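Working notes for the structure below.
The values are calculated or read from the model by the stated rules, or taken from the named source; none is laboratory data. These numbers were taken from a predicted model, which means no experiment stands behind them. Counting neighbours? That spans all protein chains shown, and the Cβs are built from the backbone with ideal geometry, glycine included. All accessible areas refer to the heavy atoms of the entire protein, side chains included, with ligands and DNA or RNA removed. Shrake-Rupley method; radii C 1.70, N 1.55, O 1.52, S 1.80 Å.
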Amino acid sequence: MSRNFFLIGIAFFGMINGLFNQLWLIFALLYVQPLAGPLLFGSMSLTLMFASLMVSTATVILGGIPAAIYERVTGAPESNGVSLWIWLAGTAILALPAAGNFISIGL
């Protein structure tokens, strides 16, 4: 399988978790509001989208930690198919709480 398909899947699960995970989104919004609110002109919708972007980025980063550990243990010089599968599975597991909202709301 091409490396691009893995990266698209990882980005997809990160996006789903950023948009539909209500718990992480509210948590991020509480911390973004005082810090980024003035930078985003006090717009609540822009602040919410910024918090969603933060959750999506955190999902991709946290999902990649097991893959990085695997690469370090095996001594791989770059990502191979196994580490990309681990990264994809990690982001999918992190996006499980948001999957119910995604299916019920849809895009």
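A few comments on the model shown:
- If the segment from ARG3 to VAL82 were pulled out straight at 0.36 nm per residue, it would be longer than the present Cα-Cα gap by 27.3 nm.
- With contributions of -39500 (n - 2.57) from each DSSP H run of at least four residues, the per-residue ellipticity at 222 nm computed over the chain stands at -27500 deg cm²/dmol.
- Cleavage-rule hits, chymotrypsin sites (Phe, Trp or Tyr not before Pro), region 10-95, DSSP coil, Cβ neighbours within 10 Å at most 14: PHE41
- Read-out Cα Rg over 2.2 N^0.38 Å, derived from the coordinates shown; its label in (i) 1.11; (ii) 1.01; (iii) 1.20: (iii)
- Ranked by solvent-accessible area (1.4 Å probe, protein heavy atoms only, all chains present), the residues MET1, MET44 order from largest to smallest as MET1, MET44.
- In terms of accessible area, using a 1.4 Å probe and ignoring ligands and nucleic acids, GLU78, GLU71 rank largest first as GLU78, GLU71.
- Fully extending the segment from ALA58 to SER45, taken as 0.36 nm per residue of separation minus the present Cα-Cα distance, adds 2.7 nm.
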